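What follows is a short report on a single structure.
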């Protein structure tokens, strides 16, 4: 192991140590070194001569750093062609991370490749004595990520949802969240701390989410309704990564998703009119989430 | 101790201003910066039409320097109108609209498109070092070109003060400033980024910035800013206000630029290191220094070096320092 000697705002290139094909479109690259990233933080990943994009850290165990990505855009399609031994630049880690208390009962909701950072969270939280309900959703069975890894962790109840019903529940992962939230509501203020209440189930302390924004929006609304705290990971166009350029700000508060995010608490998200409605491109132009591409 | 000033009829509660290109995309972010203590806001450079920037990496830095080649992206006038109108609804602090164009004619047209929104000042970016591949040498590198842009914008500005943003990357910034002053400039912003510079990744042997080169900013450029401000102040006899920008991190940095001739102080790169509260910190530090030194009005600092060099004994500075036995007494 070589600790990455990194000035966090200047990319340094590292050779890819291992590549794992997760699904048809999703790969995990392992870099030999730790950036000291915490679950939920992101790094700027640079492909010399192509582009640099933000990616969530899928794992940083103090020895290696893993990045899991979906080959969907110009940069990631090129990036997916890299082989073991090829170079990629890393800069970071940047932004906020998920926060928890030891022993909490937490629901993790992962949509698509959001499962990668959620696995990082799961691994760290169970290490702190947390018990987890992990809900992984995807279009179909072959797109579900990190099932084996999640199953191998202790204190994890795994729930699956696919749009076509090819694995687990047929429908959306947020439907499962609603069932969990409604079947075991949090004790009301007067019940809290009282020993008279019979504990038939383990109330949910927090919900963490990572995935498409419309999924996050549903989680936000649901957690608002059931009064359960939530922390959700937002995605916006990033340039500097450390709060200078202002490209990743969200209306109307103007907060920066690279500094005050990407993991944002639900009480803040509920104040953001932009959340679930639109995002801005590299020019600052708005694009609605429902607009046709 | 009074930090406020009225400059060309515009009241600024303190001398700090958000520099162009930093946190400048939306009305929400301008408000956020104002709520953290900035005395004024400068927009990102606005174009007449949508303009693409460079691919990433666009901004990289170490503790010593920052290089940027964002490439002046902008969504065009419709977005500018939306964001500026939104901000001006409650306008917590004065707004400086920064404009850019590829031709003299379009500088005037861009100014005309923005002026109906009533920004407090127009800042004319003739000095961006990051679009040379696209447009050639900046207008700020030639006195006749800089004067031509100034004249064209002044012709349409209808009383809105026009600040010309100058480049340090020239033989004589004084000559450029003189030419712009003759062409009617109301003030200057000094300086834009330095260089350009380059950084190479050792293993890939590739330049890190997608644009290969980028403008240099950060604490190390402050002496260049101080010298350029002093030159422009001297060349214009201190008659035109200067927004001093370059390497300001602390209140003492800001005071140094004011002594060189700046009235307002642009802060940009420091925001990445001291956070959004950099504006508040710089103001507190100016206040503390001035209180200790017996300076009652921040405006008394402007051009202080020139006055001392000219043998003008500022009673305020010297007499009070004597009384307090200041170790920093000037002879």
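Structure above, values below:
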read-out: Residue among B:206, B:288, B:23 with the largest mean-square fluctuation in a Gaussian network model of chain B, springs linking Cα atoms under 10 Å; value: B:206
read-out: Calculated P(r) of the stretch A:133-172 - Cα pairs past 13 Å, %; value: 44
read-out: Prolate/oblate/rounded call for the stretch A:234-293, Cα gyration tensor, a/c under 1.5 rounded; value: oblate
read-out: Distance cut-off 21 Å, percentage of C-alpha pairs in the stretch A:12-94 lying past it; value: 17
read-out: Order of B:47, B:289, A:46 under a 10 Å beta carbon neighbour criterion, fewest first; value: B:289, B:47, A:46
read-out: Inter-chain Cβ neighbour average for residues B:67-80, partner chain, 10 Å; value: 3
read-out: Beta bridges by DSSP in the stretch B:5-303, antiparallel share as percent, to the nearest 5; value: 35
read-out: Scaled radius of gyration (Cα, divided by 2.2 N^0.38 Å) that chain A gives; value: 1.00
read-out: D_trans [Stokes-Einstein, Kirkwood Rh over alpha-carbon pairs] for chain B, 10 °C, 1.306 mPa s, µm² s⁻¹; value: 80
read-out: Nearest 10 degrees, 0 to 90: helix B:278-293 Cα axis against chain B principal axis; value: 20
read-out: Three principal axis lengths of the stretch A:1-159 [C-alpha, angstrom, descending]; value: 44, 34, 24
read-out: Helix-only CD estimate at 222 nm, as mean residue ellipticity for chain B, using -39500 (n - 2.57) per DSSP H run (n ≥ 4); value: -11000 deg cm²/dmol
read-out: P(r) tail fraction, the protein assembly as shown - alpha-carbon pairs more than 44 Å apart, %; value: 28
read-out: Value of relative contact order over chain A, rounded to a whole percent, pairs C-alpha under 8 Å and six or more apart; value: 15
read-out: Value of [θ]222 nm, deg cm²/dmol, for chain A, DSSP H segments ≥ 4, -39500 (n - 2.57) each, nearest 500; value: -5000 deg cm²/dmol
read-out: DSSP-defined antiparallel bridges as percent of all bridges, the protein assembly as shown, nearest 5; value: 50
read-out: Volume per residue that the Cα convex hull of the stretch B:55-106 spans, once the total is divided by residue count, Å³; value: 153
read-out: Cα gyration tensor shape for the stretch B:262-307, rounded if a/c is under 1.5, else prolate or oblate; value: oblate
read-out: Ranked list, fewest to most other Cβ atoms within 10 Å of each Cβ, for B:22, B:265; value: B:22, B:265
read-out: Mean Cβ neighbour count within 10 Å, used as a protection proxy, ranking B:183-195, B:132-144 highest first; value: B:183-195, B:132-144
read-out: Inter-chain Cβ neighbour average for residues B:19-28, partner chain, 10 Å; value: 6
read-out: Rounded, prolate or oblate (a/c below 1.5 giving rounded, otherwise prolate when a/b exceeds b/c) for the stretch B:37-185 by Cα gyration tensor; value: rounded
read-out: Other protein chain Cβ atoms within 10 Å, averaged over every residue that makes up A:268-281; value: 1
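Where a number appears in this text, it was derived from the coordinates with a stated rule and is not lab data. Here the structure is a predicted model, which means the values were calculated and not measured. Cβ coordinates were reconstructed from backbone atoms using ideal geometry, including for glycine residues, and neighbour counts include every protein chain displayed.
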